[in-house]
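These notes are about the structure you will find just below.
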Amino acid sequence: SPGEGGSRMLERKVIQDISVIDINGDIDFREMVRIKDVIGSLIDKDRIKVVLNLKAVDTINCLSIGVLVERLWILRSLNGDLKLAGMSPNLREVFKVVGMDQFFENYLSLEEAIESFEEDWEGSGMTH
């Protein structure tokens, strides 16, 4: 496929109207810019419900998290959201240390992250 190059992430799955971006390996600044661009292209297609699946990610460049927060605000301003799934304790710790954990909803599993969107829309406030 075109533009493959070093792109080891971004198998993009769409479940209902939720876009899942699977990321593998470490997230350095270059990788984060790529993620930012992918989210940008989803926004261009009015796909504003996005889940980043971080299950296969070991480390993240803490400075790059700001890039993600910027995308989060854009999605929320469009009534969408960016949720995180499958973060390791190590990854959660990085988010916490830089004070970014308060901005994101993060879920243990991809399924929970996807279901959380449905609950938002039902607006029932019920717990399952």
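Taking H as built 1.01 Å from N, whose amide H comes closer than 5 Å to the amide H of D22, not counting residues under 5 places away?
So D22 has HN proximity to L10, E11, K13, N53.
Pull out the extension gain between Q102 and S77, defined as 0.36 nm times the separation in residues minus the alpha carbon to alpha carbon distance; nm, one decimal.
Length gained between Q102 and S77: 7.3 nm.
Using label points projected 7 Å from each Cα along Cα→Cβ, tell me how many nm separate R92 and I15, to one decimal.
The answer from the label model is 1.9 nm.
Any aspartates and glutamates with Cα under 15 Å of the K45 Cα? List them, leaving off those in the same chain fewer than 8 positions away.
D17, D37, D81
Which cross-chain or sequence-distant (5 or more) residues have an amide H under 5 Å from the amide H of K83, H modelled 1.01 Å from N in plane?
Amide H to amide H, under 5 Å and 5 or more residues apart or across chains, K83 pairs with V50, V51, L52.
I want the local charge near L75. Using Cβ-Cβ distances under 9 Å, sum +1 for each Lys or Arg and -1 for each Asp or Glu among the other residues.
Here the count lands on +2.
Roughly how big is segment 46-97's charge dipole about its Cα centre, with Cβ charges of +1 (Lys, Arg) and -1 (Asp, Glu), in debye to the nearest 20?
Taking the Cα centre of segment 46-97 as origin, the dipole is about 140 debye.
Can you compute the modelled spin-label distance between E118 and D37, with each label point 7 Å from Cα toward Cβ, in nm?
Rounded to a tenth, the inter-label distance reads 3.5 nm.
Does segment 35-128 come out rounded, prolate or oblate by the C-alpha gyration tensor, with a ≥ b ≥ c the root eigenvalues, rounded set by a/c under 1.5 and, if not, prolate when a/b is larger than b/c and oblate if not?
Here segment 35-128 falls in the oblate category.
In segment 37-128, what percentage of the DSSP-assigned beta bridges are antiparallel, given to the nearest 5?
0 percent
Every number in this text was worked out from the coordinates using simple rules, so none of it is lab data. Worth saying up front: this structure is predicted, and the values here are computed from it rather than measured. Methodologically, a virtual Cβ is constructed for each residue, glycine included, from the backbone with ideal geometry; neighbour enumeration extends over all protein chains shown.
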